[in-house]
Amino acid sequence: MAHIIDYIAWRGDIPFSVSPLNAVDALILSQLSYLQFGGIVPGDFTSSGTDAVPLSEVSKRFFASEDFKARSNVGAFINPLSVELLKCAGESVRFGSLKLSGYVEKLDYGAEEQFCAVTFSGPEWHFIAFRGTDDTILGWKEDFNLGYKERVPAQEDSLLYVTQAAAVLDGSLVIGGHSKGGNLALYSAAMAEESVQNCITAVYDNDGPGFSKEFFKSEKYARVKDVLHTYVPHMSIVGMLFCHPEQISIVENDTKDIIRQHDPFTWHVKATGFAECEELGNESRFFGETVNGWFSDLANEEKELFVETLFGILSASGAKTNSELSNNWFESSMKMIKSAASLNSHTKDAVFKTIQLLFKTGMEGIMRDIRT
């Protein structure tokens, strides 16, 4: 079955003025936000767009950059095909003329924040793409923090980003992201001032972790729910964390691996949208029910203790990224086992099952890099 690079081969010669932006386009732009555009795309917005850089030029500068090797190293969790996606999109009529601006990237260990955003400007709209969880362990901790904190720093910055963009850019706003980026897209749209919400014509949440039940009962969410499009793969894991809107679309995959289904390059696409199926896989439903059931039953203090314990053990490995953790898995394991020796059996079991899942994903990413 076809994926997002095939889509560009099919539709790349069709401008947005002929065929409007759709869910597959939104996923492609969201995936491009995982790439390092610092020094290539300006960090500011301008109403005239004079400083914005066309994607065709961004691609050329990316591949010609002296630090191309570092820029193209997306880590263990992000598909390296993202680099090829940039090349294909940059050379296409459909995406090549989109202008990029507002590139912001933050990695703050003190605030426990991993955040990145970039804006793609089309003929009459601006697509704000929020990067999902990257290769950093810090980024994954912030994901877990979503489970017990009212808000996390990346959510606050996403709201600030959308507010600033709306104040400068003319035209409608479309907001999207994959993984944590999908969560940030929905959060920023829901929490924005009503005047900003009136400019938002669509929100794309691609397999992002959810929110509390109270979030979906709020008046702010009610004002944007009609423009929300939520997509999850057949056997979603990340997208099943916490609570989600009632209406979700389920996308077919070309892998039975429950972890790899989070990867947008495994999602089946058609000419103008995704190939969808009727219901989630049994494993996905089981995961959502058991993990969310267990986690929701914990008191807030217990949730915080679990998250701090889990990432305290991961930090004991000395690794800053999942790639480092996986590359030195034996040494890392010994350090983490030693760090976990004092945990009670229930907490130890929960923590190590989570670490095992992270290791599995990281090793798969490394093997995929080797094969490509």
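Overview of results
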{"quantity": "Cβ-based net charge around K60, under 10 Å, with every Lys or Arg adding one and every Asp or Glu removing one", "calculated": "0"}
{"quantity": "Neighbourhood charge, 12 Å Cβ-Cβ cut-off, centred on A23 and excluding it, Lys, Arg +1 and Asp, Glu -1", "calculated": "-2"}
{"quantity": "Anisotropy class of the range 77-137 from Cα gyration tensor, a/c 1.5 cut", "calculated": "oblate"}
{"quantity": "Using a Förster distance of 25 Å, the FRET efficiency for T255-W10 (Cβ separation, nearest 0.05)", "calculated": "0.70"}
{"quantity": "Evaluated over the range 115-188, the Cα radius of gyration and Dmax, each in Å", "calculated": "12.7, 40"}
{"quantity": "Calculated diffusion of the range 1-54, Stokes-Einstein form, Kirkwood radius summed over Cα pairs, 10 °C and 1.306 mPa s, µm²/s", "calculated": "119"}
{"quantity": "FRET efficiency, V93 to S212 (Cβ-Cβ, R0 41 Å, nearest 0.05)", "calculated": "0.45"}
{"quantity": "The range 197-274: C-alpha gyration tensor shape, a/c 1.5 cut-off, then a/b vs b/c", "calculated": "oblate"}
{"quantity": "Long pairs among K87/K303; K217/K303; K180/K270; K69/K99, criterion Cα-Cα beyond 32 Å", "calculated": "K87/K303"}
{"quantity": "Value of relative contact order over the range 1-120, rounded to a whole percent, pairs C-alpha under 8 Å and six or more apart", "calculated": "33"}
{"quantity": "Given charges at beta-carbon only (K, R positive; D, E negative), |dipole| of the range 1-88 in Debye", "calculated": "160"}
{"quantity": "Carbon plus sulfur fraction of accessible area for the range 124-205, probe 1.4 Å, in percent", "calculated": "48"}
{"quantity": "Net charge contributed by nearby residues that have their C-beta within less than 14 Å of E278 (K/R +1, D/E -1)", "calculated": "-2"}
{"quantity": "Estimated FRET transfer efficiency (L305, S17; beta-carbon r; R0 51 Å; 0.05)", "calculated": "0.40"}
{"quantity": "Rounded to the nearest 10 Å², the accessible area of T201 at probe 1.4 Å", "calculated": "80"}
{"quantity": "Computed lengthening from S56 to N73, 0.36 nm per intervening residue step minus Cα-Cα distance", "calculated": "4.1 nm"}
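The values are calculated or read from the model by the stated rules, or taken from the named source; none is laboratory data. Bear in mind that the values here come from a model prediction, so they are computed numbers and not experimental data. Virtual Cβ from ideal backbone geometry, glycine too; neighbours counted across all protein chains shown. SASA here: full protein model, heavy atoms, side chains in, ligands and nucleic acids out. Shrake-Rupley method; radii C 1.70, N 1.55, O 1.52, S 1.80 Å.
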